[in-house]
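First, the structure itself, so that you have it in front of you.
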Amino acid sequence: MIRQIRTELRKQRTTGAAAALAVAAVVIDVVVAATVLGGAGRQGNPPLGPDSLAQVIAGPARALALICVLVGTLSVTGEYRHRTITTTFLAVPRRGRVVLAKVAGSALTGASIGMGCVAASLGVAVPWLRSAGVDVPAGSQEVRVAAGLVASLALYGALGAAVGALVRHQTAAAAGALAWLLAGEEVLAAVLAPAAFVHWLPVHAGAALVAPPGTAGSSFWAAATALAGTVAALGVAGAQLMRRRDVT
């Protein structure tokens, strides 16, 4: 299994789309960080202060989630589109192991993107805050938000791979996943409010992971468990479908 995960990571590193999405994630992170810091104290925004660093780290979380879901989705659907899935199944006849390797590989890629974006946020925010005379904190809140961002992006990457295993058509899988993350869950939450289970859905769980300690909503571990449970359920369903259907 370790060898298969390494193979999946190698595929993602050498795929132009995945590399472009990773670069885009860092660029978006830097732009959001500069926007948050530059807009502080203007148009009703709070001024720079001890909480600014955590806000910068968490700021691009939603956009980065979309990118990691796309990376995971493309890791599966790209093989069907380019007809390399047959070779993959010949190398690993047990299709469930293929799905597991892709889910794990996408999770590692998502975590790597998260760590890169945290580093980019710090690279922008720390000099900016110091030049503004603001003490740069390094407390539990910042560590918690950074860890939550990395964990959420790892789970979103895995979620994308699970969706790709379920819906092997690239456009349909990517469009469906993005539609749910951008609007679908919010619409469902508005219709079913105040249903408690809405807080365990992927978007709400991901938001809870990057929320500062003490923020209302699900706890860190509860949110992580909910999002991981969604990944597991979709991954198992995708593996079952992949076993039954023809490659072509």
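The values are calculated or read from the model by the stated rules, or taken from the named source; none is laboratory data. Just so it is clear, the structure is predicted and the values come from calculations on it, not from any experiment. Neighbour counts are summed over all protein chains in view; Cβ atoms, including those assigned to glycine, are modelled from backbone coordinates with ideal geometry.
So the check is Cβ under 9 Å with 6+ separation or different chains; which pairs have a first residue in the stretch 76-90 that's at pLDDT below 85 and a second one that's of a type in the set (D, E) and crowded, with 19+ Cβ neighbours inside 10 Å?
As it stands, the answer is I85/E79; T86/E79; T87/E79; T88/E79, since those pairs meet every condition given.
Are there any pairs, at least 6 apart or on different chains, whose C-beta atoms fall under 8 Å, with the first in the stretch 170-188 and over 12 Å from I67 (Cα atoms) and the second hydroxyl-bearing (S, T, Y), and if so, which?
Listed by first residue and then by second, the contacts come to Q170/T73; Q170/T77; Q170/Y80; A173/T73; A173/T77.
So is A174 out of contact with any Gly (no Cβ under 7 Å at 6 or more places or on another chain), within 20 Å of S219 (Cα to Cα) and either at pLDDT 90 or above or not acidic (D, E) (or both) or not? Lay out the reasoning, then the answer.
Values: out of contact with any Gly (no Cβ under 7 Å at 6 or more places or on another chain): yes; within 20 Å of S219 (Cα to Cα): no; either at pLDDT 90 or above or not acidic (D, E) (or both): yes.
In short, no.
Related question: Considering each residue of the stretch 60-83, count those that are assigned to a loop (DSSP other than H, G, I, E, B) and surrounded by fewer than 23 Cβ atoms within 10 Å (Cβ to Cβ), and give that number. So that I can check it myself, show each step before the final result.
The first filter runs over the stretch 60-83 and keeps only residues assigned to a loop (DSSP other than H, G, I, E, B), leaving 60, 82-83.
Restricting the remaining residues to those that are surrounded by fewer than 23 Cβ atoms within 10 Å (Cβ to Cβ) gives 82-83.
Adding up the residues that qualify gives 2.
Which ones in the stretch 133-191 are buried (at least 18 other Cβ atoms within 10 Å of the Cβ) and of a type in the set (S, T, N, Q)?
Within the stretch 133-191, S152, Q170 meet the criteria.
Then there's this: Run V31 past the list (1) at pLDDT 85 or above; (2) closer than 17 Å to V210 by Cα; (3) surrounded by fewer than 18 Cβ atoms within 10 Å (Cβ to Cβ) and report the number of the one that doesn't hold.
Condition not satisfied by V31: (2).
Name the single residue that is surrounded by the fewest Cβ atoms within 10 Å (Cβ to Cβ) among those in the stretch 84-106 being within 24 Å of G206 (Cα to Cα) and in contact with a helix residue (DSSP H, G or I) (Cβ under 7 Å, 6 or more places away or on another chain). Show your work before the answer.
Going through the stretch 84-106, the residues within 24 Å of G206 (Cα to Cα) turn out to be 99-106.
Next cut, in contact with a helix residue (DSSP H, G or I) (Cβ under 7 Å, 6 or more places away or on another chain) only: 99, 101-106.
Working: V99: 25, A101: 23, K102: 30, V103: 29, A104: 21, G105: 25, S106: 34.
Taking the candidates together, the pick is A104.
All but one of (1) surrounded by 19 or more Cβ atoms within 10 Å (Cβ to Cβ); (2) outside any loop (DSSP other than H, G, I, E, B) hold for L48, so report the exception by its number.
Of everything listed in (1) surrounded by 19 or more Cβ atoms within 10 Å (Cβ to Cβ); (2) outside any loop (DSSP other than H, G, I, E, B), L48 misses just condition (2).
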